[in-house]
Amino acid sequence: MKKYPQLRQSIKCWAEEERPREKLFLRGAQHLSNAELLAILIGSGTREHSALDLARELLRQNNGKLDALGRCRPADLMRQKGIGQAKAVTITAALELGRRRQLQPTKQRPAVKTSEEAYKLLAPLMQDVKREVFYALALNRACKLLAKIPVSEGGLHATVVDPRVLFQKALDHGANYLILAHNHPSGTLEPSHSDIKLTQKLKAAGELLDIFIVDHLIITSEGYYSFSDKNLM
């Protein structure tokens, strides 16, 4: 009996969190492999091969090297079955944008390695605010600043911090480390019991995502209190 041809499983049949586009949206581009990012550019596959299959084959033909792929002309890419002119042009344009980005001078990101350096970045945002606000500094692996993230704001005595909001924003910025901070409009520098409990909760949650909380500052018009300096981290 003749066997039916085996067809590839469409990406649409995969679990949502495993589809490249959805995975990028949910987790951030940094969590995708080169093949998955390339599959997003390819968009759709053929009857026999998914977009991810085509992406892997293009990478294989170039020894897995993006710089080698970047030297390919659209006509070179079109030799792969399933890669037409539109897809080849899209891939070429994306890789050229990446090349040009590398050539542009980037604004120097400040390193944040002490509580005082963090305080100087955060104080202008929080020092004289009459209600409690919560911020986070997102840092990369070299402890250089990626973003100042506003997390929440509340009343005179408290603000509610949703861990999901905090860590989604941290993932959006590709953070490896976070420094938390909130102000005390009352001027009290000592942390409350709820401040300590929240810090412990967020630190534990961050470790599950490989986002490490290295300090929590309390900021007032008189100065700041560092959990790290007080060995409370």
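Each residue, Glu153 and Leu66, gets one label point 7 Å from its Cα in the Cβ direction; the gap between the two is 3.7 nm. Axis angle, to the nearest 10 degrees, between helix 51-61 and the longest C-alpha principal axis of the chain: 80 degrees. Partners of Lys65 within straight-line reach, counting aspartates and glutamates whose Cα lies under 13 Å from its Cα and excluding those fewer than 8 residues away in the same chain: Glu57.
What the phi angles of the stretch 219-229 give under the Karplus curve with 6.51, -1.76 and 1.60, with θ = phi - 60°, is a coupling list of 10, 9, 5, 9, x, 8, 10, 10, 4, 5, 4 Hz, glycine and proline written as x.
Relative to the Cα centre, the charge distribution of the chain, modelled as +1 at Lys and Arg Cβ and -1 at Asp and Glu Cβ, gives a dipole magnitude of about 1480 debye.
Subtracting the Cα-Cα distance of Ser194 and Gln30 from their residue separation scaled by 0.36 nm leaves 55.7 nm.
Only Cα sites of the stretch 183-233 enter the Debye sum here, all with the same form factor; the resulting log10 I(q)/I(0) across q = 0.15, 0.16, 0.17, 0.19 1/Å is -0.41, -0.47, -0.52, -0.63, listed in q order.
The residue list Pro20, His49, Asn34 was ranked by how far each Cα lies along the charge dipole of the stretch 11-103 toward its positive end, using unit charges on Cβ atoms, and Asn34 comes out on top. Cross-link pairs exceeding 19 Å in C-alpha to C-alpha distance, out of Lys148/Lys169; Lys169/Lys201; Lys144/Lys197; Lys120/Lys148; Lys203/Lys230; Lys130/Lys197, comprise Lys144/Lys197; Lys130/Lys197.
Full extension of the chain between Lys201 and Val160 gives 13.4 nm of extra length, using 0.36 nm per residue less the Cα-Cα distance.
In the chain, the longest principal axis of the Cα atoms and the axis of helix 163-172 are about 50 degrees apart. Computed from Cα atoms alone, the Kirkwood hydrodynamic radius reported for the stretch 106-207 is 14.1 Å.
At q = 0.10, 0.11, 0.13 Å⁻¹, work out log10 I(q)/I(0) for the chain with the Debye formula, treating every Cα as an identical point scatterer and leaving solvent out; two decimals please. Results for the chain at q = 0.10, 0.11, 0.13 Å⁻¹ read -0.63, -0.71, -0.84.
Considering only Thr220, Ala170, Leu189, and ranking their Cα positions along the charge dipole of the chain that arises from unit charges at the beta-carbon of Lys, Arg, Asp and Glu, the one farthest toward the positive end is Ala170. The angle between the Cα long axis of helix 193-208 and the main principal axis of the chain comes to about 20°, on a 0 to 90 degree scale.
Bear in mind these aren't lab numbers, they're just calculated from the coordinates by the rules spelled out. Just so it is clear, the model here is predicted, and its values are computed rather than measured. Because the Cβ atoms are built from the backbone with ideal geometry, glycine has one as well, and the counts that use them run over all protein chains shown.
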